[in-house]
């Protein structure tokens, strides 16, 4: 099962490498990973998605907690949560396709943020599934380049992950 | 940074911390202000201070209701300084105790309630007792694969209470019914306190039957009850060397070891009555650990008897340290079980690869250890005859101020038994010798 694990950790050199090292040493796969400092510059928020059963995820969270640089963490998929991913995508847009792609972008509530005579650069946000669906809609043949940010997530409602 | 390192190293689950100091920091022209804080507090590191009271109560009730209780204690009991509490608890419950390789000495090795080391080369009575127990109290142990054999066949009838400072150790390979995260000394103290005022009585009849059963197993299989190895030949048996070492040192030496057959023989045939007498690399499996470890012990305990039980393979991993022994006057005694082979590798090749000895034999390539010792300015003693073993060992330990190396030629065909039958065996499936099994 796909899980989103959200980690608050010290914003220090080497911290990220320890987290990633833990995954590679133990043979767990990271599907996506995003890290950036929080409003408190000494803390980073790391969100990663991985796949595993309950036992495996329990092991992952316990071992992450064991790292000295990790302050707190939560498995977001355990409760109600919001997840978003940002995608920048270049699509071939010529002739009749130009209008078609434009319509598609509107349907997916994306924005065209750069235009040339033959190419649209599009920005779309949403769940990973939604971004996957956009590929299908425009057709893989017309996609030139894709950049995805990886999943960011946050708990729903009043739940907060803070120290 | 240093204070932080020591804090992390000494608290929680203790262990080494690396401080990497770059060369430019040590430049004598750069001066730094000296500051060493009194205390450190790390927001991201807060080891548990107490066990959960409700869980501890539940554990005690479970132990009191047990018909076949068993205490399985690991190296965490020694690291957590909880050996006295463990002993008190075992006596109070009249429960059999087994120790892991790292836990040897946590409970007195010659005590009646001690059923020996458990696991792959553990005592049959210890493994049988684990397999048949209905409640197991695991303290400072991690259900290593050298202990459990096949995890899903491990102790099918037992409810498991697992006490450990490290949450990641709990329910890792074997699911705990009552997990308790906390320092072992405080948790065991809490248990003793509850027991002191507990009204519930143990089932005395069931316990008596349990002990009867365990003592039967001990009579039938115990390797310290009577020798299970060959005693009628001319060859020196490695088991006999360790037993002799135990007698000559009156069971009071600090013993370190490397990795291999000699390590298992030492663990089996040298019962430790006190904690921190058996210094071993355990799960790290580090050949070459024994001599430096012995030197460290000798450096701290200047007058103590320190023996490094090793093999001709392991000792050559760090043999240059003989020079350091000279430099710092560390008169350790090296007991080398020389079978001219990497014995444990060879044993597995015998058992699983039709005795195809790939890279495990020395074939006349070993150095003359006696001459080597003399070159370093130490004493070397070669023992090849069985009848000379005891006298030479006494001679070795009589040389208090000297580093002495006993190069003892043992039967090269000997295997370590008992041994778990793997793969797919349970705790009770063991080889007793080359042909018989449980």
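Every number in this text was worked out from the coordinates using simple rules, so none of it is lab data. Just so it is clear, the structure is predicted and the values come from calculations on it, not from any experiment. Because the Cβ atoms are built from the backbone with ideal geometry, glycine has one as well, and the counts that use them run over all protein chains shown.
Our Cα-only numbers for the range B:117-187 put the radius of gyration and Dmax at 11.7, 32 Å. Take the Cβ atoms of residue B:274 and residue B:385, set R0 to 35 Å, and the FRET efficiency comes out at 0.55.
Take each residue in A:7-13, count the other chain C-beta atoms within 10 Å of its C-beta, and the mean is 1.
For residue B:201, project a label point 7 Å along Cα to C-beta. Then give me every residue of the range B:49-72 with its amide nitrogen under 17 Å of that point. Backbone N within reach: B:64-67.
The rule of thumb for compact globular proteins, 2.2 N^0.38 Å, goes into the C-alpha radius of gyration of chain A 1.21 times. Calculated mean residue ellipticity at 222 nm for chain A: -9000 deg cm²/dmol, from DSSP H runs with n ≥ 4 weighted as -39500 (n - 2.57), summed, divided by the residue count and rounded to 500. Anisotropy class assigned to the range B:234-283 is oblate, per the alpha carbon gyration tensor with a/c at or over the 1.5 cut-off and a/b no larger than b/c. Scaled against 2.2 N^0.38 Å for its residue count N, the alpha carbon radius of gyration of the range B:288-353 is 1.30. The packing ranking of peptides B:21-32, B:78-89, B:206-217, highest mean first, is B:78-89, B:206-217, B:21-32, where packing means the average number of other beta carbon atoms within 10 angstrom of each residue.
Each 10 Å bin from zero up to the one holding the largest Cα-Cα distance in the range A:82-152 carries the following percent of pairs: 21, 60, 17, 2.
Taking all Cα-Cα distances within the range B:1-47, those exceeding 17 Å account for 48%. The calculated Kirkwood hydrodynamic radius for the range B:238-416 is 16.1 Å, given to one decimal from all distinct C-alpha pairs. Relative to the 2.2 N^0.38 Å rule of thumb, the range B:23-148 has a C-alpha radius of gyration ratio of 1.50. Shape annotation for chain B: C-alpha extents along the principal axes are 70, 66, 40 Å, from largest to smallest.
The convex hull built on the alpha-carbon positions of the protein assembly as shown has an orientation-averaged projected area of 37.6 nm².
Projecting label points 7 angstrom from Cα along Cα→Cβ for residue B:250 and residue B:81 puts them 2.8 nm apart. Convex hull of alpha carbon positions in the range A:2-78: directionally averaged projected area 4.6 nm².
Counting Cβ atoms of other protein chains within 10 Å of each Cβ in A:61-74 and taking the mean gives 3. Taking the fewest neighbouring Cβ atoms within 10 Å as the starting point, the ordered list for B:246, B:289, B:405 is B:246, B:289, B:405. For chain B, the 222 nm mean residue ellipticity estimated from helices alone, with every DSSP H stretch of n ≥ 4 adding -39500 (n - 2.57) and the total spread over all residues, rounds to -10000 deg cm²/dmol. Taking a ≥ b ≥ c as the square roots of the eigenvalues of the alpha carbon gyration tensor, the range B:53-221 is rounded, as a/c is under 1.5.
If you look at the Cα atoms of the range B:192-335, you get an Rg and a Dmax of 19.6, 62 Å. Using a cutoff of 8 angstrom between alpha carbon atoms and counting only pairs six or more residues apart, the relative contact order for chain A works out to 28 percent. Averaged over the residues of B:36-48, the number of partner chain Cβ atoms lying within 10 Å of the residue Cβ comes to 2. Taking chain A as a Gaussian network of alpha-carbon nodes connected by springs under 10 Å, the highest mean-square fluctuation of the residues A:49, A:127, A:38 belongs to A:38. Panel order for B:68, B:220, B:228, B:112, by other beta carbons found within 10 Å of each beta carbon, from fewest to most: B:112, B:220, B:228, B:68. Cβ crowding within 10 Å ranks B:2, B:360 as B:2, B:360, fewest other Cβ atoms first.
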